[in-house]
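Working notes for the structure below.
The values are calculated or read from the model by the stated rules, or taken from the named source; none is laboratory data. Here the structure is a predicted model, which is why all the values come from computation and not from measurement. Here Cβ is always computed from backbone atoms with ideal geometry, including for glycine, and neighbour counts include all displayed protein chains. Remember, those area values only see protein heavy atoms, side chains included, never the ligands or the DNA or RNA. Shrake-Rupley method; radii C 1.70, N 1.55, O 1.52, S 1.80 Å.
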Amino acid sequence: LGRAEDDIASLRSRLETRRKQTESIETDLIPPIETEIKSLGSQIERLNEEMGTELSANLTEEERNTLSDLKSAQAELEGQIEAARAELEEVGVERQRMQSL
């Protein structure tokens, strides 16, 4: 009977230790993790909003100049493409007219 009481006391002690560990986890570990999760969620939202936007503020002066040159070249090439497209359409119409004669 004495041994059973010792076993019960030992189990109660272990149970109390586990309860204290559980409380420690609930109070010391979970709140910081929840805070970190919220922070990471905010970062994800910010990065999702930032995707697809130009990040020219982070560029050096040389990189900004290169970007500007590239944008100018892009606009010029888009104009040339549109002119070529219009010319191709005109040639197609002229070809159809000549074939119908």
| note | A 1.4 Å probe over the protein heavy atoms gives the stretch 23-87 a carbon and sulfur accessible-area percentage of 56 percent
| Theoretical gain in end-to-end length, residue 75 to residue 40 [0.36 nm per residue, Cα-Cα removed] | 8.7 nm
| message | Treating only the Cβ of Lys, Arg, Asp and Glu as charged (+1, +1, -1, -1), what charge dipole size does the chain show about its Cα centre? Round to the nearest 20 debye. | response | 720 debye
| request: Please give the helix 61-99 orientation as an angle from the longest Cα principal axis of the chain, in degrees from 0 to 90, rounded to the nearest 10. | output: 50 degrees
| query | Want the number for residue 11 to residue 59: 0.36 nm per residue separation, take away the alpha-carbon distance, what's left? | reply | 10.8 nm
| field | Mean accessible surface per residue for the stretch 1-88, computed with a 1.4 Å probe while every protein chain stays in place, in Å² | value | 91 Å²
| request: Rank 33, 47, 60 by how far each Cα sits towards the positive end of the charge dipole of the stretch 23-68 (+1 on Lys, Arg Cβ; -1 on Asp, Glu Cβ) and give me just the farthest. | output: 60
| field | From the coordinates shown, Rg/Rh (Cα atoms, Kirkwood Rh) corresponds to which of (i) 1.69; (ii) 1.65; (iii) 1.19 | value | (ii)
| note | Dividing the helical contributions, -39500 (n - 2.57) per DSSP H run of n ≥ 4, by the residues of the chain yields a 222 nm value, nearest 500 deg cm²/dmol, of -29500 deg cm²/dmol
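Given R₀ = 35 Å, what would the calculated FRET efficiency be for residue 85 paired with residue 48, taking r from the Cβ atoms and rounding to 0.05? Spell out each step's value before the answer.
Details: r = 36 Å, r/R0 = 1.02.
Efficiency, rounded to the nearest 0.05: 0.45.
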